[in-house]
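Inspection log for the structure reproduced underneath, given as structure tokens.
The values are calculated or read from the model by the stated rules, or taken from the named source; none is laboratory data. Owing to the predicted nature of the structure, the values given are computational and were not obtained by experimental measurement. Counting neighbours? That spans all protein chains shown, and the Cβs are built from the backbone with ideal geometry, glycine included.
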Amino acid sequence: MVVDSAWALLILFFTVISDPNEHGFKLGLDWAVAVVMTVLMIFRRRNTDLTTAVAVGLGTAQLALDLVPQSPAIGYLVFAYTGAAFGSSWVSRLALGAGLVAGPLTVWRFIGTTGSSPDHGWLRAVFFSVLMSTPFVLCWAWGRLTRVRRAYLMELEDRAARLERERDAQAKVAVAAERARIARELHDVVAHNVSVMIVQADGAAYVLDNSPQQAKEALSTIASTGRQALVEMRRLLGVLRTADSAEEYMPQPGVEELPELLEQVRTAGLPVAFSSSGEARELPRGVELTVYRIVQEALTNVRKHGGPDVRANVAVDFRDRELEVLIEDDGRGTTDEQLSTGGTDGLGHGLIGMRERVGMVSGSLDVGPRPGGGFRIRAVMPLKTAK
């Protein structure tokens, strides 16, 4: 509005310093036109439709009153631009129509009052009509271009805002996925190691009086298991900390650590047989961790729900295009209701976590009762073909 006021006052200034072409009553009308045009230009952005319509009416009145255009007539060009750039659709059409007829009406109205002969011929009248209408059409076209450009910039800003919102949403999804992964990791670590510690503690309390040496070995196992659990939990919780604790991170367990895991399970009192077939080779870290956690969770469930004198078997089969992991036990098995809840503990974390892990590496998981009694977990994960 400050800029519009400056331009309006500049036009009014040129009107003041110019020599008047009219005298008496018409001179007063010229000043009225100049003042009204100045006010309209100041408020043209506040109410574009009203000011443009009033400007068209002012020009029509100037023609009707036979007032020769002076310096304020420049404002009509401004309103041709304003109506096209900021006005409604009907105002834009009004500004275009007024600009097209401005030249012919001006030539028809004032050609005889400027000292020229009225017999110029129709060709010269058409030439001057087009010449005087051209600035109005050009200003109107400039206004339309401004409208299109403004709409384009608004679309770009809206698209940028949408992309920013999508980026924030994706970041939230990534954070949620990372938290879910950490929750699965913590569940596996806590469920496995704590169950081992509980079994060892119960065994130590049972043989403490009769066999102190066995109780001592059980307590040693509890201590080592607790330290291992603490190390893994520290690594997982370190993900939630700042980069200053990055040096505390440790490599995630894989297939190479399976013998150590099985030995720990055997020490806890669960007999486990292990077999491996096919040509062992390096696996992607995601597959390595998935295999380790599936075996860990499966054996934890065997200890918790397999019953007394249960035995387990773990088999890893390296094939050309896939890796199969099979965990079986001869215990009490599970019920259909427990399977429907997602885990043998009825809490829905164990088997659901396995399915999510296998799904992340595009594999498949098959769980259910084992023929002849017991429970069976079979996971198949695709591998890249060796070159």
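Summary table
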read-out	value
Any hit, segment 54-72, residues being in the same structural domain as residue 132 (by TED's automatic domain parsing), over 29 Å from residue 127 (Cβ atoms) and not acidic (Asp, Glu)	yes
Some residue of segment 279-294 being within 22 Å of residue 360 (Cα to Cα), polar (S, T, N, Q) and part of a helix (DSSP H, G or I)	yes
